[in-house]
Amino acid sequence: MDSCFTESFKELEDHRRINRGNFRHSLQEIIFLTISAVLCGFQTYELIEYFGKKELDWLKKFFPYKYGIPSNDTLGEFFKNINRKNFSKCLVSFLQNLKKFDSELISLDGKTIKGSSDEDGHPLHILTAFCQKNKMSLGEELVCKKKENEIVAIPKLLSILEIKGCVISIDAMGCQKDIVDRIVEEKADYVIQVKDNQGELHQNLKDTFKLEKIDTVFSTEEIGHGRIENRKYSIISDLSHVSDREKWQTVKSLIRVDTIVCEKKTGKETKSERYYISSLKEDIEKIAEYIRGHWEIESMHWSLDVIFREDNQAKRDNNAIANFNTICKFAISLLNDEQTYKGSKTKKRAEALYEPEYREKLLKNLEGKSDRSAYFKTVIVFVDENGKEFIAKGILKGTISEVERGENGFGYDKIFIPENMEKTLAEISSEEKNKFSHRKRALEDLKNILGDRYDSSGC
């Protein structure tokens, strides 16, 4: 079947073709099954197989599953061996095809999967690039705790992204000269947090906000979850007090965020201050939006921990773990997109499990629609001598075929199968088609509307 989903995964190399050349389940069938199961709360191979067997009839609405549901061993081998970077690219491609893509702010942040372990016993750490407006992952990079850290992984991740014209937000791990220079070289901007691990720079920022005149101040207030949160964003463009100014040539502004959180029930206040550097200048409201927008990737990581219970998974192969991390982030994006059901992500997953129609709404355009119904419609407007309008309609119902068939006709005739027929319009003669076409039906409707007012000689 030809669809957005199938097309997105068409270029994904199936390792089974190389290694064995003999397999029963298509790549698309396995991926579709897994995504559907994860959306419904099933994340182990055994439970994905269980879900598939219980929902086989529903799954067949999208793919044939000629040989039934793949076993949990088959699923394990598949995700262990499929190329994680290419798999991630395909899922990103699919999401970008589904919605209008807006990558104004791209946030980078890392997450450790506590239940995992590499060959040296270190838990797997994944650095993710996240599109704030679309609430979707754009790519990942594995971080080996022993051999490299996030500072090394960030340039690798940036290299696979198209960041021109974007703003990159990173927490303090990205506060490195080479990283900020790389971002600017790619004609992008950045907003990066500075913590006390950048000792000298962090102290410079604190001193500057004590000594220098603040250019602009912007304040926000948020009320929710039993508390009131006030933030004051201050910006300074005079960097004369920054030591080693030559090192930070791309920095155009310094930002301080003062936060006061008041618990409504107790009245207890908690104060904090954070510092940032940015290649942007002057527009403090926009910079504040970017700083606040970085929270979206942290929210996604919270969902992975709490809702998807990623840290508790039993998988031990790093490639499989990374691939499931990608699938879970993909599922979060689908859950975020669907807004007709106002429940939490947890409730949405439960709704998807028990209500197949809602499940299909979440999956949207993943595969050729189960409903392939269509119709041709002809409208005729007849105006009499007094200017009175008579409107007649002719409708020919049918379905869309999966492939083109026939050589007669034109337009959509090769893919349209009239109801109660097996042939497309292009597989029947013009004479036969004219006996029931939408045009003929419109003319018959007009004749019925006009009645005896006009005969054939008077029209």
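A compact table of results
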quantity: Residue selected from region 248-273 under the condition surrounded by 14 or more Cβ atoms within 10 Å (Cβ to Cβ) and farther than 16 Å from ALA288 by Cα, by the criterion modelled with the lowest pLDDT; calculated: TRP248
quantity: SER299 being touching an Asp or Glu at 6+ places or on another chain (Cβ under 9 Å) and within 23 Å of GLU141 (Cβ to Cβ); calculated: no
quantity: Subset of region 226-240 that is in contact with a helix residue (DSSP H, G or I) (Cβ under 7 Å, 6 or more places away or on another chain) and not small (Gly, Ala, Ser) - its residue that is farthest from ILE277 (Cα to Cα); calculated: TYR233
quantity: Within region 118-133, tally of residues that are farther than 19 Å from CYS328 by Cα, in contact with a helix residue (DSSP H, G or I) (Cβ under 9 Å, 6 or more places away or on another chain) and at pLDDT 70 or above; calculated: 0
quantity: 3 or more residues without any contact (Cβ under 8 Å) to a residue 12 or more places away in the chain: qualifying helices (runs of 4 or more DSSP H) within region 18-67; calculated: 45-54
quantity: Condition broken by LYS281, with the remaining ones in (1) within 30 Å of LEU124 (Cα to Cα); (2) in a loop (DSSP other than H, G, I, E, B) satisfied; calculated: (1)
quantity: Candidate set: region 155-193, residues that are within 18 Å of GLY293 (Cβ to Cβ) and β-branched (Val, Ile, Thr); chosen: the one surrounded by the fewest Cβ atoms within 10 Å (Cβ to Cβ); calculated: ILE163
quantity: Filtered residues of region 444-459 (kept if surrounded by 10 or more Cβ atoms within 10 Å (Cβ to Cβ), assigned to a loop (DSSP other than H, G, I, E, B) and either at pLDDT 85 or above or not hydroxyl-bearing (Ser, Thr, Tyr) (or both)); calculated: ARG453, CYS459
quantity: Count of region 264-304 residues which are in contact (Cβ under 8 Å) with a residue 60 or more places away in the chain and more than 30 Å from ARG245 (Cβ to Cβ); calculated: 6
quantity: Scope region 248-282; condition basic (Lys, Arg) and under 28 Å from ILE223 (Cβ atoms); matching residues; calculated: ARG256, LYS264, LYS265, LYS268, LYS271, ARG274
quantity: Whichever residue in region 423-443 is of a type in the set (A, V, I, L, M, F, W, C) and under 43 Å from the mean Cα position of the chain (by Cα) and, among such residues, is surrounded by the most Cβ atoms within 10 Å (Cβ to Cβ); calculated: LEU425
quantity: Number of the exception - ALA314 against (1) part of a helix (DSSP H, G or I); (2) modelled with pLDDT under 90; (3) among the hydrophobic types (A, V, I, L, M, F, W, C); (4) surrounded by fewer than 21 Cβ atoms within 10 Å (Cβ to Cβ); calculated: (1)
quantity: Count - residues of region 345-372 that are at pLDDT below 90 and assigned to a loop (DSSP other than H, G, I, E, B); calculated: 9
quantity: When residues of region 90-117 are limited to those that are among the aliphatic types (A, V, I, L, M) and part of a helix (DSSP H, G or I), the one modelled with the highest pLDDT; calculated: LEU91
quantity: Residue list for region 50-71, restricted to those being buried (at least 18 other Cβ atoms within 10 Å of the Cβ) and within 20 Å of PHE23 (Cα to Cα); calculated: GLY52, LEU59, PHE62, PHE63, TYR65, ILE69, PRO70
quantity: Count of residues meeting criterion [in a loop (DSSP other than H, G, I, E, B), surrounded by 11 or more Cβ atoms within 10 Å (Cβ to Cβ) and either out of contact with any helix residue (DSSP H, G or I) (no Cβ under 8 Å at 6 or more places or on another chain) or of a type in the set (A, V, I, L, M, F, W, C) (or both)] in region 373-405; calculated: 2
quantity: Pick from region 218-245, criterion more than 21 Å from SER169 (Cβ to Cβ), surrounded by 12 or more Cβ atoms within 10 Å (Cβ to Cβ) and under 36 Å from the mean Cα position of the chain (by Cα), ranking: modelled with the lowest pLDDT; calculated: ARG227
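The values are calculated or read from the model by the stated rules, or taken from the named source; none is laboratory data. Since the structure is predicted, the reported quantities are computational estimates derived from the model, not experimental observations. Please note: Cβ atoms are built from the backbone with ideal geometry, for glycine as well, and neighbour counts cover all protein chains shown.
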